[in-house]
Amino acid sequence: MEFDLIELVRARCALARADVRVGIGDDGAVLAPPAGHELVAVTDTLVEHVHFPVATRPEDIGWKSLAVNLSDLAAMGATPAWALLALTLPAPDRDFVERFAEGFAELAAQHGVALVGGDTTKGPLTITVSAFGFVPPGKALLRSGARAGDLVFVTGTLGDAAAGLRFPFEGLFQSPASAEACDALRARLDRPSPRIAAGLVLRDRASACIDVSDGLLADVGHVARASGVGIDISALALPASPALLQAFGAPERLALQTTGGDDYELAFTLAPKHEGIVLHDLAKAGCGATRIGRVVAGAGVRLLDAQGGEIATKRRGWEHFA
């Protein structure tokens, strides 16, 4: 049965790439990185009850398991190429695997990603994906390059995914939000859009970059720490979708935007001289960005109100072992 499931995934996720010399079927893949490029490798694990609700459709789990990895590649300014998949199932469920592979393959095809190997085993529903991409030598975006005076931006909107996660548990279908708004928020949770095109635009321009997965304040805090700087974020500048504005009042909306996580947007820093051309090129790439703050001398991240006062927050973002 294990080999039947592997064959099912291989057939559904088949995508030919010239740089895949040997793919699924041997003890390992044989891959040929392009000459003159460096390899970027990332990995993420999704666990039922933790990273997605029990009722999540298998197609959406498949999509998201790859999307979160592609988001990491985007934050590095890398072009995606290959992926490995380790799928742990409570039982050999062919229907689940078919539907899971459908969602995985849909996103992989959009970005030219070949599935080149993996494993299946028995246990609580858990998905681990490793993804690999390429950057020219020395061109990878890092967290450590922000400098005082740089501006801070974020792509897309914030808080939608965290809002979508609440629907099954907190009765928000009785909120002022329309059914369409609720569906839009849940879609942001289930099918995040990795900002690959934005990452390529930011290459050679952004001084630092990170994907927003654990919450804006937590993730921007990683940039501040790695770069040895402070970062001030304007609460009023944070971009919100129409659906989020409809569903939540200001205090709860701010908490979702700053600490909710699962957005998979890119937060990046930029010297002011690059702002105009980068925003222009991001718009051409189909991904807008909003200026939300500034890099300052010092340490840590401050969330500021309209008068420049610091807003206290109970938490900074997702804590994996809390």
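The numbers here are math on the coordinates, done by the rules we state, and not lab data. Please read these numbers as outputs of a predicted model, since none were measured by experiment. Virtual Cβ from ideal backbone geometry, glycine too; neighbours counted across all protein chains shown.
Less than 5 angstrom separates the built amide H of residue 304 from those of 233, 234, 235, 311, all sequence-distant by 5 or more or on a different chain. Look at where the Cα atoms of region 177-224 and of region 30-94 average out, and the two centres are 16 Å apart. Think of the chain as a dipole: +1 on every Lys or Arg Cβ, -1 on every Asp or Glu Cβ, centred on the Cα centre; then among 298, 43, 79, 298 lies furthest on the positive end.
Considering helices alone, the calculated mean residue ellipticity of the chain at 222 nm is -11000 deg cm²/dmol, with DSSP H runs of length four and up weighted by -39500 (n - 2.57) and normalised per residue. Sequence-ordered 3J(HN,Hα) estimates for region 58-66 from the Karplus curve with 6.51, -1.76 and 1.60 and θ = phi - 60° stand at x, 4, 6, 5, x, 4, 5, 4, 7 Hz, glycine and proline given as x.
Taken about its Cα centre, region 151-304 carries a charge dipole of about 420 debye when Lys and Arg each add +1 at the Cβ and Asp and Glu each add -1 at the Cβ. In order along region 287-304, the phi-based Karplus estimate (6.51 cos²θ - 1.76 cosθ + 1.60, θ = phi - 60°) of 3J(HN,Hα) comes to 9, x, 9, 10, 6, 10, x, 8, 7, 10, 5, x, 8, x, 10, 10, 9, 10 Hz; Gly and Pro are listed as x.
On a full-extension model of 0.36 nm per residue, what is the gain between residue 299 and residue 57, subtracting their alpha-carbon distance, rounded to one decimal in nm?
Fully extending the segment from residue 299 to residue 57 adds 82.9 nm.
Fewest-first ordering of 132, 100 by other beta carbons within 10 Å of each residue's beta carbon gives 132, 100.
Listed values for region 77-91 are Karplus-derived 3J(HN,Hα) couplings in whole Hz (6.51 cos²θ - 1.76 cosθ + 1.60, θ = phi - 60°), namely x, 9, 8, x, 9, 10, 8, 10, 10, 10, 10, 9, 10, x, 8, and x replaces Gly and Pro.
Taking a point 7 Å out from the Cα of residue 179 in the direction of its Cβ, none of the residues of region 133-162 has a backbone N less than 18 Å from it. Think of the chain as having a plus end and a minus end, set by charges on the Cβ of Lys, Arg, Asp and Glu; of 244, 279, 127, 279 sits farthest toward the positive end of this dipole. The Cα atoms of region 1-144 give a gyration tensor whose axes a ≥ b ≥ c have a/c of 1.5 or more with a/b no greater than b/c, which makes the shape oblate. When the chain is described by a simple charge dipole with +1 on each Lys and Arg Cβ and -1 on each Asp and Glu Cβ, the residue from 100, 164, 227 located farthest towards its positive end is 227.
Here the simple spin-label model places points 7 Å from the Cα toward Cβ, and for residue 313 and residue 8 these points are separated by 4.1 nm. In degrees between 0 and 90, to the nearest 10, how far off the longest principal axis of the chain does helix 2-12 point, with axes built from Cα atoms? Computed tilt is about 60 degrees.
For the chain, the longest principal axis of the alpha carbon atoms and the long axis of helix 94-111 meet at an angle near 60°. The angle separating the long axis of helix 160-170 from the principal Cα axis of greatest extent in the chain is about 80 degrees.
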